[in-house]
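Following: one structure in structure tokens, then a few remarks.
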Amino acid sequence: MERIKVSNRIKKLANQIEQLPITISRFADIGTDHGYLPFELLNRGVIKSSILCDVNEGPLQNAKQTFKGSKSSTDFRLGSGLEPLNKGEVDAVAIAGMGGGLIIDLLSCDLEKTKSYPILLLQPMTEQDRLRAWLLENRFIILWDNFFIDLNKQYEVIMVYNPDCTLEDVGSSTANISLSASHLRTVFSNINDNQFKNPTEDLEFGFSINLAEVENYRSFLVFKKQKYFNVLSKISKEEHGEIYTATQKKLDTIDQIEKALDIIKITKDESS
């Protein structure tokens, strides 16, 4: 396939799929825009086929241009959210670059269909805490949160596993026994051994962070801390008591998380 220069954000998203301990054969990109994510994954040989969906014709035409001349197994479908997909048709679904509230709407529109896909790669631009809460309330498992900066913008990726997905739900699993429900449970339980769990109840700061990505997470916390310090610098406790108290609570939460990270680092250093 022809090489197209993709952004660091797209590369980071592709890395998340590539790092999964299972094979993702069929992949769907919802709200595909130019189709760069599935294009990158196909170029790397991570996936075998892709379905690109968008609610508007324009982005699909852009995606077709991206794949022009490609011999890859790629389908372009017009429709909103998961609507163009059949139940259990793909192994993983990506929804990136949308608000967290909109992602919730798309996933909850047909929850039975949503739960027929083993993996969800979500990259919300807003309301990340609300999306995490919705996922946990609906019995999805957050495998890990990933944080990175691209072009001075902070991005959050939520990798999700659906424990209710059965072998019969997975379209490609008839030829891939590694996607059986029991195997998935075993594989993903091992992932939990290498995670840092947010010790607070504030899901704005993630839920489960891969220990290998802790430094990126620390940078994310610094970014958040600066944001809330800036808020405090512009208001007074006397005039904006409620906002001031809520903002200070956010800073206290960050301090609590950073202390927990320091304890893990000390423990890790002592054992090495």
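The values are calculated or read from the model by the stated rules, or taken from the named source; none is laboratory data. Being a predicted model, the structure only gives us computed values, none of them experimental. Quick reminder, even Gly has a Cβ in these numbers, built from the backbone with ideal geometry, and neighbours come from all protein chains shown.
Could you say which residue among Leu111, Leu82, Leu106, Leu121 is touching a Lys or Arg at 6+ places or on another chain (Cβ under 6 Å), aliphatic (A, V, I, L, M) and modelled with pLDDT of 95 or more?
None of the other options fit; the residue is Leu82.
Would you check if Leu78 is more than 19 Å from the chain's Cα centre (by Cα) and either among the hydrophobic types (A, V, I, L, M, F, W, C) or closer than 17 Å to Ile17 by Cβ (or both)?
Yes: the conditions hold for Leu78.
Kindly evaluate Ile22 against the criterion of being of a type outside the set (Asp, Glu), in the same structural domain as Arg77 (by TED's automatic domain parsing) and surrounded by fewer than 19 Cβ atoms within 10 Å (Cβ to Cβ).
yes
List the pairs whose first member sits in region 243-263 and is touching a residue at least 12 places away in the same chain (Cβ under 8 Å) and under 17 Å from Leu211 (Cα atoms), whose second member is assigned to a helix (DSSP H, G or I) and not aromatic (Phe, Trp, Tyr), and whose Cβ atoms are under 9 Å apart, counting only residues at least 6 apart or on separate chains?
Sorted first by the residue in region 243-263, then by its partner, the pairs are Ile257/Leu221; Glu258/Arg218; Glu258/Leu221; Glu258/Lys225; Leu261/Val214; Leu261/Arg218; Leu261/Leu221.
I'd like to check which strands (runs of 3 or more DSSP E) are fully inside region 126-216 and have at least 3 residues that are modelled with pLDDT of 75 or more and crowded, with 20+ Cβ neighbours inside 10 Å.
Per the criteria, 141-150, 153-161.
Residue-by-condition table, conditions (1) under 14 Å from the mean Cα position of the chain (by Cα); (2) among the basic types (Lys, Arg); (3) over 21 Å from Val46 (Cβ atoms):
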| position | (1), (2), (3) |
| --- | --- |
| Ser73 | no, no, no |
| Asn86 | no, no, yes |
| Val90 | no, no, no |
| Arg130 | yes, yes, yes |
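What pairs can you find where one residue is in region 65-85 and in contact (Cβ under 8 Å) with a residue 12 or more places away in the chain, the other is surrounded by fewer than 15 Cβ atoms within 10 Å (Cβ to Cβ) and in a helix (DSSP H, G or I), and their Cβ atoms are less than 9 Å apart, with a gap of 6+ or different chains?
Filtered contacts from region 65-85: Phe76/Gln61; Leu78/Glu57; Gly81/Asp105.
Hydrophobic (A, V, I, L, M, F, W, C) and surrounded by fewer than 21 Cβ atoms within 10 Å (Cβ to Cβ) - does that describe any residue in region 81-88? Break it down stepwise before answering.
Restricting attention to region 81-88, the residues satisfying the condition of being hydrophobic (A, V, I, L, M, F, W, C) are 82, 85.
From what is left, the residues that are surrounded by fewer than 21 Cβ atoms within 10 Å (Cβ to Cβ) are none.
The answer is no; no qualifying residue exists.
In this structure, does Asp29 turn out to be modelled with pLDDT of 95 or more, assigned by TED's automatic domain parsing to the domain that holds Cys165 and either over 15 Å from the mean Cα position of the chain (by Cα) or assigned to a strand (DSSP E or B) (or both)?
The answer is yes for Asp29.
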